[in-house]
1. How high is the FRET efficiency from Asp56 to Glu94, r the C-beta distance, R0 22 Å, rounded to 0.05?
2. Using the Cα centre of segment 8-253 as the reference point, and only Cβ charges (+1 on K/R, -1 on D/E), how large is the resulting charge dipole? Debye, rounded to the nearest 20.
3. Among Gly214, Asn45, His88, whose Cα lies farthest out toward the positive end of the dipole of the chain, if unit charges sit on the beta carbon of Lys, Arg (+1) and Asp, Glu (-1)?
4. Please report, to one decimal in angstroms, the Kirkwood hydrodynamic radius of the chain built from all distinct Cα-Cα pairs.
5. Relative contact order, percent, of the chain when contacts are C-alpha pairs under 8 Å separated by at least 6 residues?
6. What nm value, rounded to one decimal, do you get for the distance between Tyr80 and Trp246 when each label is placed 7 Å out toward the C-beta?
7. Students often check this: by mean Cβ neighbours within 10 Å, which of 59-68, 39-48 ranks highest, and how do the rest follow?
8. To one decimal place, what Kirkwood hydrodynamic radius in Å is obtained for segment 158-258 from all pairs of distinct Cα atoms?
Amino acid sequence: MKKPSLKIGSIITTFNDIEYIRLSLRSVYPFVDYLSICEGSYLENQRANDVPPRSDDGTIDIIKEGIKKDKEKKIIFQQYNGESDREHRNKSLEALLEKGVDFVIINDTDELIPPNLWDLIYHYITLPGKDCYYFKSQTFVNSPFEYCWQSFPRLFRVKPGMQFVGDNYISYTSESWNEIRKGKIDLIPYYHFAFCKGSERFTQKKLWWESRFGKEANFHYDWNLEGDNIIPENHKIFKWDRLPKWLEQELRKDGKIK
């Protein structure tokens, strides 16, 4: 499907994401008008894991490589250290609002959006009625051959006063998150490699989340580590013998599978 005239901006927050950032940027760059990249660790993650403020694994080098090749001047690059993902989302959003985008899409640097999902995105943004869409996440666990299903808000219409009030939640001047009209785009999933980065990165993520929510009586992080394997408590794990063709090609191109 041809891209509609409405402008789309991608919100990308990243820190030490060398494993999948090339794949992630490649999956979004041709399909949006702008990519707003906000690089840096959250202050709460610095406190929880003593991580540095800047990526030190080569992530920044890859971003700079992308900027050099960016003939269409789509990439907006900022470095920032805010308290949490909410502040980083808003920092990235501010740059897109200055460009006059009509929709924003979250695309973290461990997420891939396949081309056929973009066809659906282009269709839904032309429809009235909904201001936020949940996407179906095929979340890989330990390897691309094992996964579970999740769902997250990923696509948002720009309206007055738009701001992130959480990692994936927004509000407008006249509407809170609970009042915003929401829909689903779930016929085709996007691919999420959140739990394919090894035991050390998983442990850091768990400590970060527990430092944020651990004092709340009802909080429980329902992912655990057994040896080097990440095990979910409340998600069924599925397996497949053969990856979808596009995903397989992308992972081979980047040396993730043989």
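1. FRET efficiency, Asp56 to Glu94: 0.30.
2. So the magnitude is around 700 debye.
3. His88
4. The answer is 19.0 Å.
5. The normalised contact order for the chain reaches 21 percent.
6. Calculated label separation equals 2.9 nm.
7. The densest-packed peptide leads the list: 39-48, 59-68.
8. For segment 158-258, the Kirkwood estimate is 17.5 Å.
No lab work stands behind these numbers, since they all come straight from the coordinates. Worth saying up front: this structure is predicted, and the values here are computed from it rather than measured. Every residue, glycine as well, gets a Cβ built from its backbone with ideal geometry; the counts of neighbours run over all protein chains shown.
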